[in-house]
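Taking it in order: structure first as structure tokens, then the write-up.
No value in this document is a laboratory result; all are computed from the given coordinates. Bear in mind that the values here come from a model prediction, so they are computed numbers and not experimental data. Ideal geometry is used to build each Cβ from the backbone, glycine not excepted, and the neighbour counts take in all protein chains shown.
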Amino acid sequence: MKTKSSVLLIYTGGTIGMMQDPRSGELKPFDFKSLTKQIPELTKFDIELSSISFKKPIDSSNMNIVVWKDLAGIIEKNYAKYDGFVILHGSDTMSYTASALSFMLENLNKPVVLTGSQLPIGVIRTDGKENLITAIEIAGAKEKGKSIVTEVCIYFEYKLYRGNRTFKHNSAHFDAFKSPNYPALAQAGVTIKYNKQALLKSSSAKKLKVHTNLENEIAVIKLFPGISKNITAAIFNAKGIKAIIIETFGAGNATTEVWFLNEVEKALAKGIIILNITQCKEGRVIQGMYETSSQLKKLGVIGGSDLTFESAITKLMFLLGQKLKPNELKKMLQTNLRGEMTS
């Protein structure tokens, strides 16, 4: 009978996996076979560890749909073998990957924890060791034989967050991520304290369903005072576009210039989905709260509630890939699918 938890480490690339070459001083990806030599604390875990490393580690700035499909495929292939998964990933686009995987992995009932570091694991002051050790502990944590965490998360600097609620807010400090519209799922101190009220409830009776069809024909318009009419119109009329995210002011407010509203109306008439999210890092879109957002609501622009940009873009990719009818797609866009938004 299996008693130990088992965790699969998946190394994609990023700062956490870099070691300093003693001869040249260059930072190079380290070999996972020597992982316990670099972090001897891992041998003290009562967890069976295995690892998979990308043949060619990538900088997270090069993260794309193909890599997301690969990651989802690795998890699907190994899902029955392991109790949890830890993905080592560059921090710059970690929130995008966590958000994408949350939508791609339907009926997840095991933890998928993304982590990384601001300093390479081979540097004396690295934050990578603690991040990795605690991420593994969370991925293997069970209560009454069941995983405590059953969703896609990010663990960084003593806090566990719902992945699709996060964004990277700091490139210079160890606390690189924030989740202002949803509480932390756990806090690591002397012990790991789980916020069980905040954790996503799993659909353990349902089989994991992996979605790999994503579409990226999406444009983004970030409003600013004095925005160009010609350039905005060019974006609205770009060939092949299927959806547009408008990053608006405050609670979803936008210019009421006639030319702008005309472009919105024409795009919607062509069947283009338009999603309104706020530029504010905290709070939510409430279309109709002010006159400057009521016109968007009347035209048929979808209010994105408190979706992060990372979650909004990946949710659109996911839903466009499902080949839904327009009304169904709009309904799903406003539905809380994986805990990504406040209904």
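With the highest mean first, a sort of the peptides 231-241, 266-276 on other beta-carbon atoms found within 10 angstrom per residue produces 266-276, 231-241. Between Lys4 and Lys281, what FRET efficiency comes out of the Förster formula 1/(1 + (r/R0)^6) with R0 = 41 Å and r the beta carbon distance, rounded to 0.05? It comes out at approximately 0.50. Here the relative contact order of the stretch 218-333, from alpha carbon pairs under 8 Å that lie six or more residues apart, stands at 24 percent.
Each Lys and Arg adds +1 at its Cβ and each Asp and Glu adds -1 at its Cβ; summed about the Cα centre, the stretch 81-154 shows a dipole of about 220 debye. Distance between the modelled labels on Ala234 and Ser343, one decimal in nanometres: 4.3 nm (7 Å Cα→Cβ projection).
Please sort by residue number the GluC sites (Glu not before Pro) in the stretch 265-343 whose DSSP state is loop and whose Cβ has at most 11 other Cβ atoms within 10 Å. The qualifying sites are Glu282. Ordered by residue, what ³J(HN,Hα) values in Hz, to whole numbers, does the stretch 86-103 give under the Karplus form 6.51 cos²θ - 1.76 cosθ + 1.60, where θ = phi - 60° and Gly and Pro are x? Result, rounded to whole Hz: 10, 9, 8, 8, x, 6, 4, 10, 4, 5, 5, 5, 4, 5, 4, 5, 4, 7.
In plain terms, the chain from Lys207 to Thr335 could stretch by 44.0 nm, reckoned as 0.36 nm per residue minus the Cα-Cα distance.
In plain terms, the chain from Asp175 to Phe224 could stretch by 14.7 nm, reckoned as 0.36 nm per residue minus the Cα-Cα distance. Taking the longest Cα principal axis of the chain as reference, the axis of helix 258-269 is set at about 70 degrees. Summary of packing: across the peptides 47-54, 106-113, the per-residue average of other C-beta atoms within 10 Å ranks them, highest first, as 106-113, 47-54.
The angle between the Cα long axis of helix 309-321 and the longest principal axis of the Cα atoms of the chain comes to about 80 degrees, rounded to the nearest 10. Charge dipole of the stretch 5-210 (Cα centre as origin; +1 on each Lys and Arg Cβ, -1 on each Asp and Glu Cβ, all else neutral): 580 debye, rounded to the nearest 20. When both bridge partners sit in the stretch 218-333, DSSP labels roughly 5% of those beta bridges antiparallel.
The C-alpha atoms of the chain define a longest principal axis, and helix 128-140 lies at about 90 degrees to it.
Across the chain, Cα pairs under 8 Å and at least six residues apart give a relative contact order of 15 percent.
The alpha carbon radius of gyration of the stretch 76-201, expressed as a multiple of 2.2 N^0.38 Å, is 0.98. Distances between placed amide hydrogens fall under 5 Å for Thr308 paired with no residue 5 or more residues away or on another chain. In the chain, helical runs assigned H by DSSP with n ≥ 4 each contribute -39500 (n - 2.57); averaged across all residues and rounded to the nearest 500, the mean residue ellipticity at 222 nm is -8000 deg cm²/dmol. Is the stretch 136-241 rounded, prolate or oblate when judged by the Cα gyration tensor, a ≥ b ≥ c being the square roots of its eigenvalues, rounded requiring a/c under 1.5 and prolate requiring a/b larger than b/c? The shape class here is oblate.
For the chain, a Gaussian network of Cα nodes joined below 10 Å ranks Lys144, Lys315, Lys159 by mean-square fluctuation, and the top entry is Lys144. Rounded, prolate or oblate: which fits the chain, taking a ≥ b ≥ c as square roots of the Cα gyration tensor eigenvalues, rounded meaning a/c under 1.5, else prolate when a/b beats b/c? Taking the square roots of the gyration eigenvalues as a ≥ b ≥ c, the chain is prolate. Fully extending the segment from Lys325 to Ile52, taken as 0.36 nm per residue of separation minus the present Cα-Cα distance, adds 94.4 nm. For the stretch 207-264, the dipole from Cβ point charges (+1 on Lys and Arg, -1 on Asp and Glu) about the Cα centre works out to 280 debye, to the nearest 20. Between the stretch 255-302 and the stretch 78-122, the alpha-carbon centres lie 33 Å apart.
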